[in-house]
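See structure below.
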Amino acid sequence: MKGKLLELLRQHKGKTLSGQDLSGQFGVSRTAVWKAIEALRAEGYIIRSSPRLGYELVEEPDALGPTGVSSIAASSDYLDVGFFFHQIDSTNSEAKRFAEEHPRQCALFVAEEQTAGRGRLGRHWMSERGTGLYLSLLIRPDIEPSRASRVTQIAAVAAAEAVEAVTGLETLIKWPNDLVIQGKKVCGILAELSAEMTAVNYLVVGIGINVNQFIFPDDIKEKAASLHILTGRRIDRQMLLAELVSRFGRYLSALTQNEALEKMHQVYRLKSATLGKEVRLVGKQNRTARVIDITKEGELLVVYPDGERDLIHFGEVSVRGLDFYA
């Protein structure tokens, strides 16, 4: 009830909701409503009480917590539940464990700290406590496995738009799964798939955003930054989470509908930090090429200096920019 009450107070922010109306809506006593209000206050929510009028949400805490995460999940039309962890190995790992034990549910997982956060190609993702936004979305789309790669584009567009909405900073997408601002990496995305030959069991989309960090290790400090460093102000992580979850839901239909895919893909291309750029393809090949297009399924179409064209798929190579974030 606490999460649903918070969501209702959010929806009517600036207005007073009577205790009687709230008790009737939730089918509980006014005392139960009061206890839920007190529990929210204990988590840092400022809720004004007016005699004979009721309750008004005045301010939310600049912190993540179980009630806020549950409320954000409940406000979506594609998630069944939300979970918050003070510390966990990896939100993606927890999402996969949950997916196997709860075969019908879609869920949101958020952690204050990850001890074994993972990035693309098995890289470690730094997950400092209380400063970043570390989350995973577990979804179960009714699609063929060939369409699953679209989810990385969806997540990148949703995260870029969420960051822009909260910070006002232009946010670009470095293929396939990083967000960059002013040439610095601020976000990484890791999508994982469980599927059979003709059907997807579930998709897990992990997103890590550098929000309020001040210090980065020597090996990444030249190419990484946080939203706080770039804006000069502390960023509300709960607001950023709510924006991201909402925008991800808006683009989910791109997994199944061609028209929605076209719209999402156009946004992705407009926000691309890679399209039209000279890049170095590092992996099974080590060649310089120009990116001339990005397909709807997320592959890079490149042309080499000798005129040869090639289609680069996820996981084949790493892309290093020659004149932008590497």
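Residue-wise test of (1) touching a residue at least 40 places away in the same chain (Cβ under 8 Å); (2) assigned by TED's automatic domain parsing to the domain that holds residue 235; (3) within 22 Å of residue 244 (Cα to Cα); (4) not aliphatic (A, V, I, L, M).
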| position | (1), (2), (3), (4) |
| --- | --- |
| 40 | no, no, no, no |
| 79 | yes, yes, yes, no |
| 91 | yes, yes, yes, yes |
| 95 | yes, yes, yes, no |
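Please pick out the residue among 170, 164, 128 that is assigned by TED's automatic domain parsing to the domain that holds residue 254, in a loop (DSSP other than H, G, I, E, B), charged (D, E, K, R) and at pLDDT 95 or above.
Working: 164 fails: in a loop (DSSP other than H, G, I, E, B); 128 fails: at pLDDT 95 or above.
On inspection, the qualifying residue turns out to be 170.
What do you reckon, is residue 283 outside the structural domain of residue 147 (by TED's automatic domain parsing) and out of contact with any strand residue (DSSP E or B) (no Cβ under 8 Å at 6 or more places or on another chain)? In short, no.
Kindly indicate whether residue 97 is over 18 Å from residue 4 (Cα atoms) and assigned to a loop (DSSP other than H, G, I, E, B). Answer is no for this residue.
Within the range 61-118, which residues are acidic (Asp, Glu), closer than 25 Å to residue 234 by Cα and either modelled with pLDDT of 95 or more or surrounded by 17 or more Cβ atoms within 10 Å (Cβ to Cβ) (or both)? Steps first, answer last, please.
If we filter the range 61-118 for residues that are acidic (Asp, Glu), which is where we start, we get 62, 77, 80, 89, 94, 100-101, 112-113.
So of that shortlist, the ones also closer than 25 Å to residue 234 by Cα come out as 62, 112-113.
Selection gives 112 alone.
Does residue 170 count as farther than 24 Å from residue 106 by Cβ and surrounded by fewer than 23 Cβ atoms within 10 Å (Cβ to Cβ)? Criteria met by residue 170.
Taken over the range 179-238, the residue count meeting the criterion of being among the charged types (D, E, K, R) and over 24 Å from residue 271 (Cβ atoms) is 5.
Do you know which residues across the range 10-24 are touching a strand residue (DSSP E or B) at 6+ places or on another chain (Cβ under 9 Å) and at pLDDT 85 or above?
12, 15, 16, 17, 18, 19, 20, 21, 22
What pairs come out if I take residues in the range 56-69 that are without any contact (Cβ under 8 Å) to a residue 40 or more places away in the chain and not assigned by TED's automatic domain parsing to the domain that holds residue 237 and pair them with residues that are assigned to a helix (DSSP H, G or I) and of a type in the set (D, E, K, R) whose C-beta lies under 6 Å away, six or more apart or interchain? Listed pairs, sorted by first residue: none to list.
Of everything in the range 294-310 that is over 26 Å from the mean Cα position of the chain (by Cα) and assigned to a loop (DSSP other than H, G, I, E, B), the residue that is surrounded by the most Cβ atoms within 10 Å (Cβ to Cβ) is 304.
The values are calculated or read from the model by the stated rules, or taken from the named source; none is laboratory data. Given the structure is predicted, the values throughout are model-derived calculations rather than measurements. Please note: Cβ atoms are built from the backbone with ideal geometry, for glycine as well, and neighbour counts cover all protein chains shown.
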